[in-house]
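*Asks:* Could you have a look at this structure, given as structure tokens, before my questions?
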Amino acid sequence: MPDETLTIHIERLLTFAMRQKLIDPLDLEMSRNAMLDLFSLMEPEENVPEIDSASLPESPVPLLDPLLDEAVQRGLIEGDTVTFRDLFDARIMGLLMPRPSEIQRKFIQHTKDNGIQAATDWFYQMNIDSNYIRMDRILKNGYWKHKTTYGELEITINLSKPEKDPREIALLKTLPQSSYPKCLLCKENVGYSGRLDHPARQNIRILPLTLEGKEWFFQYSPYVYYNEHSIVLSSEHVPMVISPETFARLLDFIEQFPHYFVGSNADLPIVGGSILNHDHFQAGRHVFPMEVATVQQWHSCVREPEVNLGIVEWPMSVIRMQSKDRDALLRAAVYVLEAWREYNDPHAEIVAFSGDGVTRVPHNTITPIARKKGDGTYEFDLVLRNNRTSEEHPDGIFHPHQQLHHIKKENIGLIEVMGLAVLPGRLQTELGLVADILTGNVAFDPIALQALDHPLHHHLAWIADLVELHGTNQEAPTAKQLLQGAVGGKFSAVLHDAGVYKRDEAGQEAFKYFLTKASII
């Protein structure tokens, strides 16, 4: 690319950054020089035509792509793969962003002038404009809803996280081990240049919070699974623990961000999230299916009469607690946690601890979610969890069972608990291949599918059932609809497996027995 053309592409991105207020007019010369330096240019070409900001796209991606191509040509990018290009585009956008302290000042000013909702609107858009939130990839995710007796579950197939290129996988084996930052959630990620096994974060900005007198931070997820998907993280790299302080921090957060929900993954393996070594919450502005699920019967809490509670009509085991008295709600929630931690009911396969008599291994925990309603009512959903395994279910008694692993075998974390399935990207291709069988475009060959290297091998039994039910002469739109319904049914079954108290009469009686025996109702 001639330097003149490169200069034009640089100017287009600078104009975009100005239009989106990533940089101010006073920053323009410094930002231009930083870009020139990045591409080893001593000066810009003269007589470059003025860029009309209205002609530029809403996303920075089309503006970044030619710059990334040029970086490859100039040897500035080690390899022309998605990961190496991602590392470099974060480096570019990092040059066009305010410092974290300036972002904090602007956020505070937006909050004072227009309220917290306007402030998060601004901060969210800034994260999109900086390409930290990769909206171009997120929009590729599959999404649909599935009707059940509990309401409409949400299903998404995650295509936004790119898979590693084989060249990258080979190179990873040769890289030295690094422990900085300690994990993806550490505050030290801000401004980090990244490496092949750790994403670049020059374009991330995080906001300081005070929760229960401790320093925490607020940021958005780069691959949002729902509207304004946020992460609230401890300033310290400490393991996740569900404790009374957890509940207090959740309430602190919704006091400051009343238009968001906030929740925490459980703190034990199998029933926890993917990152257990750094204490954090997830938040956002989204109404999940569980939130609108009804309560069977409301009761007054025995120990805190100002608190009302009941069992949510949901495949997992959820206690909903409401009160306008924040302190009373906190005390009641802490009591439920303490009672559940120690609770045993062998008939329902609930055992609180195992071990050799010297060491006790805990199994009971809670996935908590907090909200603040428009009328000032505080609400907790406390989801009872147990992470025991057995010979029959080595992956977890209250975990997706083996026959569901072809669709979902990962931990059932906070997002899934609330009714949004985050399914692996492989399913997009696999469902297309299954649809070909249901439409008759490809013959159903059970023998061929038995081969371990066949992409549909793990779906064989499921496909046989689908063919028996629906035949192989479906129209393409019908096949797609049938598969979406079948996948939705599988996710509903996943949630049933993860529920400690089943939805049958015996399970619900055991649930009520816990609440009464523990003097909760």
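Every number here is computed from the coordinates shown, using simple stated rules; none is lab data. On a predicted model such as this, the values are computed, not experimentally measured, just so you know. So basically every Cβ, Gly included, is an ideal-geometry build from the backbone, and we count neighbours across all protein chains shown.
*Asks:* What order do you get for 477-489, 241-253 when each peptide is scored by the mean count of other beta carbon atoms within 10 Å, highest first?
*Replies:* Values: 477-489: 16.8, 241-253: 20.2.
The most tightly packed comes first, giving 241-253, 477-489.
*Asks:* Here is a further query. Tally Lys and Arg at +1 and Asp and Glu at -1 over the other residues with C-beta under 10 Å from the C-beta of PHE16: what net charge comes out? Kindly include the intermediate steps, with their values, before the conclusion.
*Replies:* Values: positive: ARG12, ARG19; negative: GLU11, GLU58, ASP129.
Summing Lys and Arg as +1 and Asp and Glu as -1 gives -1.
*Asks:* Something else about it: If I stretch the segment between LYS182 and VAL82 completely, what's the gain in nm (0.36 nm per residue apart, minus their alpha carbon distance), one decimal? Each step should come with its number before you reach the end.
*Replies:* Values: separation 100, 0.36 × 100 = 36.00 nm, distance 2.36 nm.
Stretched out fully, the LYS182 to VAL82 stretch lengthens by 33.6 nm.
*Asks:* In nm, what is the difference between 0.36 nm times the number of residues separating SER354 and HIS470 and their Cα-Cα distance? Can you show the working numbers first?
*Replies:* On the way: separation 116, 0.36 × 116 = 41.76 nm, distance 4.63 nm.
Between SER354 and HIS470, full extension yields 37.1 nm more.
*Asks:* Follow-up question, since we're still on this one. Out of residues 5 or more away from GLY440 or on other chains, whose amide H comes under 5 Å of its own, with H placed 1.01 Å from N in the peptide plane?
*Replies:* Sorted by chain and number, the residues that satisfy this are GLN474.
*Asks:* Name the helices (complete DSSP H segments) of the chain with a Cα length along the long axis of 30 Å or more and a Kyte-Doolittle mean of at least -0.5, or state none.
*Replies:* On the way: long enough: 476-498 (33 Å, 0.25).
Helix filter hits for the chain: 476-498.
*Asks:* Additional query: Rounded to whole Å and sorted largest first, list the principal axis extents of the Cα atoms in segment 1-137.
*Replies:* Here the Cα extents, ordered largest to smallest, are 47, 34, 27 Å.
*Asks:* Given a Förster distance of 22 angstrom, what is the FRET efficiency for GLN73 paired with ARG167, based on the Cβ-Cβ distance and rounded to 0.05? Let's see the in-between values first.
*Replies:* Numbers: r = 18 Å, r/R0 = 0.82.
Step by step, r from the Cβ atoms, then E = 0.75.
*Asks:* If the cut-off is 14 Å between C-alpha atoms, which aspartates and glutamates fall inside it for LYS502, apart from same-chain ones fewer than 8 positions away?
*Replies:* Correct list for LYS502: GLU313, ASP345, GLU349.
*Asks:* By how many nm would the segment from ILE447 to TRP144 lengthen if fully extended, with 0.36 nm per residue of separation less the alpha-carbon distance?
*Replies:* 105.9 nm
*Asks:* Between segment 389-442 and segment 212-231, how far is it from one alpha carbon centroid to the other, in angstrom?
*Replies:* A separation of 27 Å, based on Cα centres.
*Asks:* Also, quick follow-up: Structure shown: which of LYS161/LYS187; LYS408/LYS517; LYS214/LYS324; LYS21/LYS372 lie over 29 Å apart, alpha-carbon to alpha-carbon?
*Replies:* Values: LYS161/LYS187 22 Å; LYS408/LYS517 35 Å; LYS214/LYS324 25 Å; LYS21/LYS372 32 Å.
In this structure, LYS408/LYS517; LYS21/LYS372 exceed 29 Å between Cα atoms.
*Asks:* Tell me what the chain gives for mean residue ellipticity at 222 nm when only DSSP H runs of n ≥ 4 count, each as -39,500 (n - 2.57), the sum divided by the residue total, rounded to 500 deg cm²/dmol. Walk me through the numbers before you get to the answer.
*Replies:* Details: 17 runs with 196 residues, N = 521.
It lands at -11500 deg cm²/dmol.
*Asks:* At GLN508 and VAL241, where each label point lies 7 Å from the Cα along Cα→Cβ, what is the point-to-point distance in nanometres?
*Replies:* 3.8
*Asks:* Go through 30-42, 205-217 and give me the packing order, highest mean Cβ count within 10 Å leading. Walk me through the numbers on the way to the answer.
*Replies:* On the way: 30-42: 14.8, 205-217: 17.0.
So the order, starting with the most tightly packed, is 205-217, 30-42.
*Asks:* Could you rank the peptides 259-268, 456-465, 395-404 by their average count of other C-beta atoms within 10 Å per residue, with the highest value first? Walk me through the numbers before you get to the answer.
*Replies:* Working: 259-268: 23.3, 456-465: 16.0, 395-404: 19.1.
Ranked by mean Cβ neighbours within 10 Å, highest first: 259-268, 395-404, 456-465.
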